[in-house]
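Contents: one structure, followed by commentary.
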Amino acid sequence: MRAFVLHPDIRSQHNRRLPEHGLAEAVSLAAALPSMEVVGAEVVRLPRLHPGMLFGSGKVEELKARFKAADVGLVLVDGPVSPVQQRNLEKEWGVKLLDRTGLILEIFADRARTREGVLQVELAALSFQRTRLVRAWTHLERQRGGFGFVGGPGETQIEADRRAIDDQVIRLKRQLAKVVKTRELHRASRAKVPFPIVALVGYTNAGKSTLFNRMTGADVLAKDMLFATLDPTMRGVVLPDRSGGAGRKIILSDTVGFISDLPTQLVAAFRATLEEVLSANLILHVRDIAHPESAEQAADVMDILTSLGVNKATPMIEVWNKLDLVEGSARESLIVQATQRPDVLAVSALTGEGMERLYDVVSLAFDEEKTTRTVVLPFSDGKKHAWLHAQGVVEHEDQGEDGWHLTLRWTARQEKRYRDL
């Protein structure tokens with residue numbers, strides 16, 4: 001389908017991004033759908049939003065002529081579009097229209113492969129669809145009679161549609177709960193194995209899957225496109241040991257890429273997938289350091305991690321990836337900056353540059369000095385008890401009248417996390 005991308009730049013709204021970079025990202029999003037052919041793109045500067053049409057009448061007419069001349073069948077608006085605006089613009093332009101949320105949902109629907117991923121996409125799509133029933137065609141304005149069994153006399157079609165969606169949402173949530181329970185059982189069995197979990201997070205297309213493949217020898221889809229990875233992938237990895245001894249074993253998790261203005265429906269729907277990050281012992285925040293807005297992308301990732309409730313005590317290392325795309329003095333400057341900070345690594349997952357230091361730093365993160373401590377934990381504090389066992393720090397356990405008597409061997413970081421629970 002021939003598509004045209006519009007990025008509204010609204011003067012009254014503060015944005016940490018340059019509109020040109022926002023447009024480039026929107027074009028990349030559109031290109032992520034195989035059926036899409038982007039034939040044009042434009043930043044539309046607006047002093048304010050127009051409630052009925054989003055754009056002013058003159059701009060609407062100008063764009064209508066351009067869409068007709070270019071035989072455009074789909075317009076992608078990189079931002080929120082109200083149901084009323086969508087209905088009016090589709091009618092005026094004679095095209096199908098998708099806003100940013102709708103486009104991301106389309107991409108996710110195209111990419112999801114696992115049962116959990118498919119269910120989560122369906123759930124997010126229904127939540128989105130429910131808010132847009134008002135963009136009705138004429139049949140939604142009709143009323144229908146009824147016997148009172150499913151919705152009383154005079155129930156409008158829009159109410160029937162909304163209830164049908166609600167029923168479908170309940171059904172999907174039940175199915176998803178079963179899948180999530182299976183994942184929890186898998187996570188519980190992994191927790192019994194004393195291998196730390198290292199989660200890769202980062203902005204979409206930062207190179208997480210390429211890094212995952214480099215570290216694991218796996219063949220996860222790694223393409224220069226947004227949302228190449230949707231379903232979480234986990235692999236056991238034995239880190240190289242340059243001293244010649246047996247390397248440390250870790251479980252590495254590749255996760256869905258984040259993006260600015262991630263639809264709220266998707267944050268909620270993919271929470272189960274992202275729980276791998278919540279239970280991680282170490283987070284590697286992968287950044288595309290060659291991107292002109294790498295800092296802004298990193299800020300978006302941190303915002304989402306905070307909204308997910310990631311424990312601030314979980315150690316995090318920034319991996320400045322795609323060093324192979326940076327040249328000259330800029331490259332040297334990045335390498336110097338990275339060597340001066342213990343929580344930053346400069347690498348190229350594509351060429352393998354900097355990977356030895358990454359392996360060393362990840363290994364060292366789990367080689368901290370451990371101390372032995374005895375703790376009495378009340379029976380009412382089952383959450384802390386479960387967490388201690390999940391961390392593999394319990395060496396001995398007895399039960400007394402006042403609770404569990406535990407002998408723990410842990411690092412200072414684990415002790416701090418325990419105190420913060």
query: Which condition does Q86 not pass, out of (1) more than 19 Å from P19 (Cβ to Cβ); (2) over 30 Å from the mean Cα position of the chain (by Cα), if it passes all the others?
result: (2)
query: From the set of residues in the range 25-55 that are modelled with pLDDT of 90 or more and touching a Pro at 6+ places or on another chain (Cβ under 9 Å), which is nearest to V81 (Cα to Cα)?
result: L54
message: For A412, only one of the following conditions fails: (1) exposed (fewer than 12 other Cβ atoms within 10 Å of the Cβ); (2) in the same structural domain as V237 (by TED's automatic domain parsing); (3) of a type in the set (A, V, I, L, M); (4) under 25 Å from P196 (Cβ atoms). What is its number?
response: (2)
Selection within the range 306-342 - loosely packed, with under 12 Cβ neighbours inside 10 Å and of a type in the set (D, E): E327, E332
query: Looking at the range 5-55, which of its residues are hydroxyl-bearing (S, T, Y) and either closer than 16 Å to I104 by Cβ or assigned to a strand (DSSP E or B) (or both)?
result: S28, S35
statement: Of the residues in the range 293-310, those that are part of a helix (DSSP H, G or I) and either touching a helix residue (DSSP H, G or I) at 6+ places or on another chain (Cβ under 7 Å) or not polar (S, T, N, Q) (or both) come to A295, E296, A298, A299, D300, V301, M302, D303, I304, L305, S307, L308
task: Considering (1) over 29 Å from P240 (Cα atoms); (2) within 33 Å of the chain's Cα centre (by Cα), say which one E353 fails and leave the rest.
output: (1)
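Go through the residues of the range 68-77 one by one and say whether even a single one is modelled with pLDDT under 90 and in a helix (DSSP H, G or I).
Taking the range 68-77 first, the residues modelled with pLDDT under 90 are none.
Checking the range 68-77: not a single residue is modelled with pLDDT under 90 and in a helix (DSSP H, G or I).
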message: Restricting to the range 381-421, name every residue that is modelled with pLDDT of 90 or more, under 23 Å from L278 (Cβ atoms) and not in a helix (DSSP H, G or I).
response: D381, L408
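How many of the residues making up the range 311-326 are under 17 Å from L345 (Cα atoms) and either outside the structural domain of R287 (by TED's automatic domain parsing) or outside any helix (DSSP H, G or I) (or both)?
First, the residues of the range 311-326 that are under 17 Å from L345 (Cα atoms): 315-326.
Add one more test, that the residue is either outside the structural domain of R287 (by TED's automatic domain parsing) or outside any helix (DSSP H, G or I) (or both), and what stays is 315-322, 326.
The total comes to 9.
The values are calculated or read from the model by the stated rules, or taken from the named source; none is laboratory data. Here the structure is a predicted model, which is why all the values come from computation and not from measurement. Because the Cβ atoms are built from the backbone with ideal geometry, glycine has one as well, and the counts that use them run over all protein chains shown.
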